[in-house]
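Data block below; observations after.
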Amino acid sequence: MSVWLIYALLSAITAALVAIFGKIGLQNLDANTATAIRAVIMAIFLVGVVVVQGKLNLISEIIANKKAIVFIALSGIAGALSWLFYFLAIKNGNVSQVAPIDKLSVVFAVIFAVILFGEKLSLVAAGGVALITAGALMVALG
């Protein structure tokens, strides 16, 4: 099994736990405030990972790269908005419906990659994207 596939599966499993733990934690709480607290916890955890890995010195290298820092900041803002909307959705809806719709991000990412980066899709891959779309909608709305 490829390393990227192991990491991708671990990402999927931990993302699923975000929905479950978030739904439990959001009961009778404001979703935006809970998301902010979650973000602080994530930041502390991730800084800890960088420290443990001994890579704290690489921060100045990233900050010095103006294009990279702009797009990393935009990615952070997009991620924050995604989590605000996600926590609002799971607070007000069923995880079993919200999670599949959220996974349509895969479809949007592929479309954006084709448009912005000129990535090519085979007929099989395009069919897979169509099946992801159909599957997510069937699970969420079925």
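Data table
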read-out: Enumeration of residues in region 17-57 that are open to solvent by less than 60 Å² (accessible area, probe 1.4 Å), touching a helix residue (DSSP H, G or I) at 6+ places or on another chain (Cβ under 7 Å) and aliphatic (A, V, I, L, M); value: Ala19, Leu26, Ala31, Ala34, Ala39, Val50
read-out: Qualifying residue in region 49-59 (condition: assigned to a helix (DSSP H, G or I), of a type in the set (A, V, I, L, M) and under 19 Å from the mean Cα position of the chain (by Cα)); value: yes
read-out: Entirely in region 84-142, the helices (runs of 4 or more DSSP H) that have 3 or more residues that are outside the structural domain of Thr35 (by the TED database), free of Cβ contacts under 8 Å to residues at least 40 places away in the same chain and within 22 Å of Ala34 (Cα to Cα); value: none
read-out: Any chance Ala80 is small (Gly, Ala, Ser) and either under 19 Å from the mean Cα position of the chain (by Cα) or open to solvent by 80 Å² or more (accessible area, probe 1.4 Å) (or both); value: yes
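The values are calculated or read from the model by the stated rules, or taken from the named source; none is laboratory data. Note that the coordinates shown come from a computational prediction; the quantities given were computed from them, not determined experimentally. Please note: Cβ atoms are built from the backbone with ideal geometry, for glycine as well, and neighbour counts cover all protein chains shown. What goes into the accessible areas is simple: the full protein's heavy atoms, side chains included, and nothing from ligands, DNA or RNA. Shrake-Rupley method; radii C 1.70, N 1.55, O 1.52, S 1.80 Å.
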